[in-house]
Amino acid sequence: MDRRETAALLAYIGRLDPRTIRTDQGEARDQLAQWHELLGDVPMATTHGWDARVAARQHIRVSPYQILPADVARPWQSYRRDRLGRHTDPTPSVDPDDQAAWTAELVGTRRAVASGAAQPAQYRAITSGRIDPRLEARLREVGSCIPASARAALAPYRPARAAREAAIAQGQPDALAVRCDWCHAQIGEPCRRRRIGPDGGARGNAPRATPHPGRLDLAATQQAQAPQQVQQPAMA
C-alpha cells in the first residue's frame, strides 16, 4: 500500500482503538513513516478475500494489546502461504522449448496467485476446468504433443499403436475404436493371441501388433455407418 492507503488504515484503526492516535504532528508523521516502511509490500485489499482493515479489526476485537504493523503483516503472509499451498501450476501456453518464456509465465502466475490478483488453480481444474484458449490453439497448430521424430523412434517399441496410427493416416478404419469379438479386447486395447491347449484352456495371451480380421470388419462397418449416426441428432 502507498502512503495515502497507510494513512487511511491508521485513521481507521484510530477510530476502533484510540490508543493508536498521535496528537502531536511529529509523532503522527513518524508513526506514518514507520507503518509505511513495514507495510509497503502489503496491499490494502485484493479482489480475492484480503483486506488489511479486516485483519486490523480482527486483532483489535480479540486482543487486549495495542495493534502493531506485524499484526497486519502476519495475516498477509498467512494469506499468501494458504493461496500458494492450494495452487498447482497450470501448463503454460508458451512454447516449452523457450525456457525463459516458460519460466516467466510460471513465475507470473504464482505472483498473481500470491498477491490475490488471481485464484489458485487446483487439481480439479485439470479434469473439470476449461483448457487455456492459447494452449488449445497451439495444440491445434502442432497437431500432437509428441513430435513426429519421437513418434517414429518409439514405433518399434509400440507396434500395435504404430500400426493403428499408420492405418488411420491412410484413411482406414480405426480397429481399436471397437471391441474385438474374438479375443474380447476392450476399446483402445490391442488384440491378443489366444492359444488354446488340448484341454481347452488358454495357453497364451500375448498382444498382437495387428488386430484380428473380424475386428477390422466391425470397425469398417461402424465407420460406414458413422455419417448416418452423426446426421440423426442434427435432424432431430
Return one number: the angle in degrees, 0 to 90 and rounded to the nearest 10, between the long axis of the Cα atoms of helix 99-114 and the longest principal axis of the Cα atoms of the chain.
-> 50 degrees
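First select every other residue whose beta carbon is under 14 angstrom from the beta carbon of residue 151; then total the charges, Lys and Arg +1, Asp and Glu -1.
Numbers: positive: 158, 161, 164; negative: 165.
Value of the local net charge: +2.
With charges only on Cβ, +1 for K and R and -1 for D and E, what is the dipole size of the chain about its Cα centre, in debye, rounded to 20? Mind dumping the intermediate values first?
Working: 33 positive and 25 negative charges, 181 e Å.
The calculation lands at about 860 debye.
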Work out Dmax and Rg for the chain from the C-alpha atoms and quote the Rg first, both in angstrom.
-> 31.9, 105
Helix 70-85 sits at what angle to the longest principal axis of the chain, using alpha carbons and giving 0 to 90 degrees rounded to 10?
-> 0 degrees
Where Lys and Arg each count +1 and Asp and Glu each count -1, what net charge lies around residue 87 among other residues with Cβ under 12 Å from its Cβ?
-> +4
To the nearest 10 degrees, how steeply does helix 133-142 sit against the main Cα axis of the chain, on a 0 to 90 scale?
-> 30 degrees
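Per 0.36 nm of contour for each residue apart, how much would the distance between residue 112 and residue 74 grow if the chain were fully extended, relative to their Cα-Cα spacing? Mind showing how you got there, number by number?
Details: separation 38, 0.36 × 38 = 13.68 nm, distance 1.92 nm.
Additional length available on full extension: 11.8 nm.
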Sum of -39500 (n - 2.57) over DSSP H runs of 4+, divided by residues of the chain (222 nm, nearest 500) | -17000 deg cm²/dmol
Using a Förster distance of 30 angstrom, determine the FRET efficiency expected from the C-beta separation of residue 158 and residue 220, and round it to 0.05.
-> 0.80
Over the Cα atoms of segment 3-85, compute the convex hull volume and normalise it per residue, giving Å³.
-> 91 Å³
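Bear in mind that the values in this text are calculations on the coordinates, not laboratory data. What you see is a predicted model; the values in this text were computed from it and never measured. Because the Cβ atoms are built from the backbone with ideal geometry, glycine has one as well, and the counts that use them run over all protein chains shown.
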